[in-house]
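First up is the structure itself, then whatever we jot down about it.
The values are calculated or read from the model by the stated rules, or taken from the named source; none is laboratory data. As the structure is a prediction and not an experimental result, all values here were calculated from the model. Cβ atoms come from the backbone with ideal geometry, glycine included; neighbour counts cover every protein chain shown. Note: areas computed on protein heavy atoms with side chains; ligands, DNA, RNA excluded. Shrake-Rupley method; radii C 1.70, N 1.55, O 1.52, S 1.80 Å.
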Amino acid sequence: VKTGGKSNYRFYDQKYYEKLRARHDKEDDLRRAIENDEFLMYYQPRVDISTGTTSSMEALVRWQHPSKGLLEPLDFIPLAEETGLIAGLGALAIEKVCAQLARWAKTGQELVPVSINVSPRQFDKTDVPKLLAESLAHHGVAARLVEIEVTESSMMSHGGEVSEVLAAIQGMGIKLLVDDFGTGYSSLSQLQSLDFDVLKVDRAFTAGLEKSEQGNVLFAAIITMAHALGMRVVAEGVENERQIRILKSLRCDEIQGFYISKPLPPSETQPILPKWFFP
Ligand code: C2E
Ligand code: CA
Ligand code: CA
Ligand code: CA
């Protein structure tokens, strides 16, 4: 019957508008949060598999929401990327990491580099090399103390300008890391043109190590190729000792994951972890 169909349409219309409205509200909320700076960085160490010392720490953003509590990136990074708000958020992240490095330096601790996640969408609206240079200079932090992580998939969906910006960043003495390797569709030879310093292998491959012999062979092949291209290899998402043993036998260089440490607020983070023990 016609009328029934009509009310059905109206029902779907209303749902659609409610969704759109919710998205708008969330976008406004995020914009306000960036203006108020409601963000903080957590830090997760990356350790050298043969010495057990911390080689770097990854900065991971958190949103201290006034009513919703502490929000993880999955709750807001995708929206920030779609709306372009990632530019402002990304600038805050750079500033926070440099400020934190300066704070750690003041306490006299031995410093390790901190890696910052960067989305190529930031490059559309902001001069990221300039932001980095200004933040580093403002806090008196050496360029070698920051590193930049860019996901393999985001690089592939953006054009040649990304390569130019990344090359400029590398030219400042900042290391470049490929993030989530294996989840995009690039080949290692495509990555070679950018001369990345470190390849971070997605945690799906680490999880695959225990599952089958093929998982080990695949990881071994990635390591061999990355080494041939002059890159160090990091295994992401290491959750148990068995994975560490296999990764060690495959000559993986570094590991990161909950088994070593969860991401922690700066107050609980030690730039240098007590030496990690590998039996
Ligand atoms: P990512 O760059 O791949 O960061 C690693 C994520 O894996 C983190 O999630 C971390 O908590 C989680 N993780 C670490 N070890 C383990 C493990 O052993 N097992 C499992 N299951 N997970 C582990 P988090 O902090 O929720 O961040 C999610 C993503 O959000 C990041 O993935 C990154 O892509 C993005 N992100 C975080 N901070 C920023 C930022 O400042 N800027 C941008 N553009 N993106 C960010
Ligand atoms: Ca990352
Ligand atoms: Ca990753
Ligand atoms: Ca290289």
Can you give me the ranges of the helices (runs of 4 or more DSSP H) entirely in region 112-189 with at least 3 residues that are of a type outside the set (A, V, I, L, M), under 21 Å from VAL61 (Cβ atoms) and open to solvent by less than 50 Å² (accessible area, probe 1.4 Å)? 128-139
Residues of region 217-269 being within 16 Å of ligand 3 (Cβ to nearest atom), over 30 Å from ARG103 (Cβ atoms) and in contact with a Leu (Cβ under 8 Å, 6 or more places away or on another chain), which ones? PHE219, ILE222, ALA226, MET231, VAL233, GLN243, LEU247
Looking at (1) surrounded by fewer than 21 Cβ atoms within 10 Å (Cβ to Cβ); (2) in contact (Cβ under 8 Å) with a residue 24 or more places away in the chain; (3) under 19 Å from ASP29 (Cβ atoms), can you tell me which one ARG103 breaks? (3)
Working only within region 235-279, note down all residues that are crowded, with 18+ Cβ neighbours inside 10 Å, part of a loop (DSSP other than H, G, I, E, B), among the acidic types (Asp, Glu) and within 15 Å of ligand 1 (Cβ to nearest atom). GLU236
Scan region 219-242 and report the pairs whose first residue is at positive phi and at pLDDT 95 or above and whose second residue is open to solvent by less than 40 Å² (accessible area, probe 1.4 Å) and away from ligand 2 (no atom under 16 Å from the Cβ), with Cβ atoms within less than 8 Å and a gap of 6+ or a chain change. GLY237/ALA207
Need a quick list: strands (runs of 3 or more DSSP E) entirely within region 9-92 having at least 2 residues that are open to solvent by less than 30 Å² (accessible area, probe 1.4 Å) and more than 28 Å from THR126 (Cα to Cα). 39-48
Checking the conditions here, which among LEU177, LEU145, LEU166, LEU101 is within 13 Å of ligand 1 (Cβ to nearest atom) and not hydroxyl-bearing (Ser, Thr, Tyr)? LEU177
Suppose we keep only residues that are within 14 Å of ligand 3 (Cβ to nearest atom) and open to solvent by 10 Å² or more (accessible area, probe 1.4 Å) within region 190-205. Which one would you say is farthest from ARG232 (Cα to Cα)? ALA204
Exactly one condition in (1) open to solvent by less than 60 Å² (accessible area, probe 1.4 Å); (2) more than 18 Å from the chain's Cα centre (by Cα); (3) under 15 Å from ALA207 (Cα atoms) is false for ILE223; which is it? (3)
Quick check: is even one residue across region 167-181 farther than 20 Å from GLN44 by Cβ, among the β-branched types (Val, Ile, Thr) and at pLDDT below 95? no
Filtering region 257-271 for residues that are away from ligand 2 (no atom under 16 Å from the Cβ) and of a type outside the set (Phe, Trp, Tyr) leaves a count of 7
Does region 33-40 contain any residue that is modelled with pLDDT of 95 or more, out of contact with any His (no Cβ under 7 Å at 6 or more places or on another chain) and at positive phi? yes
